[in-house]
Amino acid sequence: MNKIKLMSHLVAGFPTDELSLIAARALVAGGADILEIQLPFSDPSADGPAIQSACTEVLNRKYKTADGLKFIETVHKEFPHIPIYIMSYGSLVYTPGIKNFCKKAAAAGVKGMIVPDLPFDFDEGLTEACKENGMVNIPVAAPGMSPERLGKMADAGFPYIYAALRTGITGTETKIDEATIAFLKKVSAGGSKICGGFGISSGSQSALLASSVEAVVCGSVFVRLIAENKNDGQKLYEAVKAKAMEISHSGED
């Protein structure tokens, strides 16, 4: 079977730190190459119902950003070879001071930042703060961007760009077609490595994307599995691992 590079999404602390860690272990065992860990946020504009619900459940426990960073540090210590990217929203990063936040994130083991509501060319100093702390800022490209703006992002020299494969929110299935591949070519035109996601939940979708991206990104599919199995840690582990294996391995050599 061919191995497809997989970036898998977790909401820190969902449904508990213990079960979230079990899910992280299952993702790595199933073939995840990168862990994208989201800090729970009260108004996640890019997220669909599964991730919104997970964030709400965690926040109802009075979960703080500091708790999320502590969880990330725990995951990093167990899997130091697996890059961890924080996915967050601007206010969580901006409020404590972007330089301060990035310093704390790097200390916890974070290698990259994905903040979809901070535009790549007006990022309040995020890109520079990431560089100062050995991390990368990974801006988000969307199909609705104008060709001029998309070209400007592609040529800006970012090591990685997250390509949202359709407009809207996460969670519903995305059809991979010629327009999707054409969009990915435009995003990668400047040499950035592309992480492509939004609505990816199967090995067949992953296989269609594999030749056009550095990594396939999957989120809501794992969050739903975690929610469905949150009363049984072993079933949660098995379900998440099996889905990760399906998405990250496809086709024959």
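Candidate cross-link partners of K5 among the aspartates and glutamates, defined by an alpha-carbon separation under 19 Å and a same-chain spacing of 8 or more, comprise D33, E36, E214, E246, E252, D253.
Within the assembled protein chains, the solvent-accessible surface assigned to D117 is about 70 Å², based on a 1.4 Å probe.
For the range 109-248, averaging the sequence separation of C-alpha pairs within contact (under 8 Å, six or more residues apart) and dividing by the residue count gives a relative contact order of 18 percent. Relative contact order, percent, of the chain when contacts are C-alpha pairs under 8 Å separated by at least 6 residues? Rounded, it is 26 percent for the chain. Derived scalar couplings between HN and Hα for the range 184-200 equal 4, 5, 5, 5, 8, 4, x, x, 5, 7, 10, 9, x, x, 4, x, 9 Hz in order, rounded to whole Hz, by the Karplus curve 6.51 cos²θ - 1.76 cosθ + 1.60 (θ = phi - 60°), x for Gly and Pro.
The residues of the chain expose on average 44 square angstrom of accessible surface per residue, using a 1.4 Å probe on protein heavy atoms. To put it simply, the accessible area of the chain at a 1.4 Å probe is 52 percent carbon and sulfur. Where only DSSP H runs of four or more residues are counted, the chain gives -13000 deg cm²/dmol as its mean residue ellipticity at 222 nm, each run worth -39500 (n - 2.57).
Our coupling estimate for the range 149-162, obtained by passing each phi through the Karplus curve with A = 6.51, B = -1.76, C = 1.60 and θ = phi - 60°, is 5, 4, x, 5, 5, 4, 8, 7, x, 6, x, 9, 10, 8 Hz, Gly and Pro reported as x. For V11, the amide hydrogen comes within under 5 Å of the amide hydrogens of Q38, counting only partners 5 or more places away or on other chains and with H modelled in the peptide plane.
With a 1.4 Å probe and all protein chains kept in place, how much accessible area does F120 have, in Å² rounded to the nearest 10? Accessible area, nearest 10 Å²: 20 Å². Across the range 1-91, Cα pairs under 8 Å and at least six residues apart give a relative contact order of 36 percent. Look at the dipole of the chain built from charges on Cβ: of I226, A106, V28, the Cα furthest out on the positive end belongs to A106.
The values are calculated or read from the model by the stated rules, or taken from the named source; none is laboratory data. If you're wondering where the values come from, they're calculated on a predicted model, not measured in any experiment. Because the Cβ atoms are built from the backbone with ideal geometry, glycine has one as well, and the counts that use them run over all protein chains shown. Ligands, DNA and RNA are stripped out before the accessible areas are found, and what is left, the full protein with its side chains, is counted by its heavy atoms. Shrake-Rupley method; radii C 1.70, N 1.55, O 1.52, S 1.80 Å.
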